1. When chain B is treated as a GNM, springs tying every alpha-carbon pair under 10 Å, which of B:GLU60, B:GLU115, B:GLU75 comes out with the largest mean-square fluctuation?
2. Write down Rg/Rh for chain B, rounded to two decimals, with Rg from the C-alpha atoms and Rh from the Kirkwood relation over Cα pairs.
3. Considering only C-alpha atoms, what is the centroid distance from region B:17-57 to region B:116-133, in Å?
4. If you bin the C-alpha pair distances of region B:86-141 every 10 Å from 0, what whole percents do you get?
5. With every atom except the alpha carbons ignored, what do you get for Rg and Dmax of the protein assembly as shown, in angstroms?
6. Tell me the relative contact order for chain B as a rounded percent, counting alpha carbon contacts under 8 Å between residues six or more apart.
7. Where does region B:1-82 land on the Kirkwood hydrodynamic radius, alpha-carbon pairs, in angstrom?
8. Which value, in debye to the nearest 20, describes the size of the charge dipole of region A:86-141 about its Cα centre when Lys and Arg Cβ atoms bear +1, Asp and Glu Cβ atoms bear -1, and nothing else is charged?
There are 2 protein chains.
Amino acid sequence: MENRVTALLREKGFKVTPQRLAIYKVLANSKAHPSAENIFQQLQPYYPTMSLATVYKTVEILKEIGLIQVLNAGEDSFRYDADTSMHPHIRCLQCGRVDDLHDIDINTFIGQVAEKTPYRLTGQQFYFYGCCPVCQGKPAN
Amino acid sequence: MENRVTALLREKGFKVTPQRLAIYKVLANSKAHPSAENIFQQLQPYYPTMSLATVYKTVEILKEIGLIQVLNAGEDSFRYDADTSMHPHIRCLQCGRVDDLHDIDINTFIGQVAEKTPYRLTGQQFYFYGCCPVCQGKPAN
DNA sequence: TAATAACGAATAATAGTTATCTATTTATAT
DNA sequence: ATATAAATAGATAACTATTATTCGTTATTA
C-alpha cells in the first residue's frame with residue numbers, strides 16, 4: 001500500500017519524502033476525517049520538527065493525484081479522507097465527529113440530477129447533520 | 001413580504017433596522033447565492049456607511065430566525081440563500097456560479113440514510129460540481 | 001418624549017490557509 | 001557510492017474570511 005503511494009508520487013513528478021508518506025498513512029489509518037491541525041498533532045511525537053505548512057502542502061498534493069478527497073462539512077476548517085470512494089458524510093452537531101455513510105444508493109439520486117441539470121456533472125458531496133448515538137445519551141447542550 | 005421579516009425579527013426579540021431589511025431584500029431578490037462580501041458590495045451604493053461586520057451579524061440573525069440558509073460549497077467563503085426550502089446546489093468549477101436544483105426527489109435518498117444511520121437526522125446539504133452551460137462553450141481554463 | 005436596551009460603524013483581533021525564503025534532501029546519472 | 005540539479009521542509013510572514021470590542025447612535029416601549 002505504501003508502494004502505491006510512492007509509485008504515484010514519482011509518476012506525477014513529486015518527490016517521495018517521509019513526511020508525505022506519514023501524512024498519507026495517518027489518513028489511511030483513520031476513519032475520523034482529520035483536519036490539517038489534527039494530522040499535525042498526531043504526527044508531532046514522531047516528527048517534532050514538521051510544520052503545519054508541510055501538512056497543508058502535502059494534502060494539496062495528495063488531493064491532486066487523487067489519493068484523498070477534501071471535505072467541507074460546514075465547519076471552519078477542511079477535513080481529509082483517504083477513502084476516495086463516493087460516499088455521503090454525517091456530522092454530529094453536538095460533538096463534531098464526522099462519520100462515513102456506506103451502503104447507500106446514491107446513483108439514482110445523481111442520475112436524476114444529471115438528467116435535469118444543463119451542467120456537465122463532474123462530482124458531488126453529500127452532507128448530513130444530526131446527533132450521533134453517543135450524544136443522544138447526553139443532555140443536549 | 002417585508003412585513004413578514006419585520007414581524008419575525010420583532011417576535012424573536014431583534015430590532016428592525018433598515019440595514020437588516022436591505023440585507024434580507026438582497027438575498028430574497030437574488031438567485032446567485034451571494035457571499036457576505038457580495039451583499040456588502042451590492043448595498044454599498046445605497047448604504048455607503050454600512051460595514052462588512054454588519055452584514056455578518058445580520059446574516060447570523062437571519063439564519064437563527066430561519067429566514068435564510070447558509071451554504072458551504074467547498075469555497076473559501078460562505079454563501080447565503082433566502083430560499084430555505086430543502087434543495088441541492090450545483091457549482092460551476094470554472095466560473096464559480098452556484099445554482100439551485102429544483103424538482104429533484106431527495107426524500108427517498110434521505111429516507112434511505114435515515115434508515116441506515118444510528119444518528120438522529122436534523123438536516124442535510126447536497127452539493128454538485130461541474131461545468132455550467134455558459135462555460136461549456138468556452139475553452140477550458 | 002424620555003429611558004433603556006440593542007444596534008451600527010470602526011477597528012482590532014482571531015483562525016485557517018497560503019506564499020516566501022533558504023538550507024536540506026531526494027532522484028538521477030555517473 | 002557520489003556529485004549534481006531540482007524539489008522539498010521548515011520557519012516565518014502574509015493573507016483572507018470571520019468574529020469580538022468599543023462607543024456613539026437609534027429603535028422600542030411606556
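Read the figures in this text as sums done on the coordinates, not as results from a lab. Computed from a prediction, not measured in an experiment: that's the story for all the values here. Note that we place each Cβ from the backbone using ideal geometry, even for glycine, and neighbour counts take in every protein chain shown.
1. In this elastic network of chain B, the residue with the biggest mean-square fluctuation among B:GLU60, B:GLU115, B:GLU75 is B:GLU115.
2. Values: Rg = 17.2 Å, Rh = 16.9 Å.
So for chain B, dividing Rg by the Kirkwood Rh gives 1.02.
3. Cα centroid to Cα centroid, the span is 27 Å.
4. 21, 38, 25, 14, 3
5. Both quantities, over Cα of the protein assembly as shown: 21.2, 64 Å.
6. It rounds to 20 percent for chain B.
7. Working: mean 1/r = 0.0783 Å⁻¹.
One decimal place: 12.8 Å for the Kirkwood radius.
8. 240
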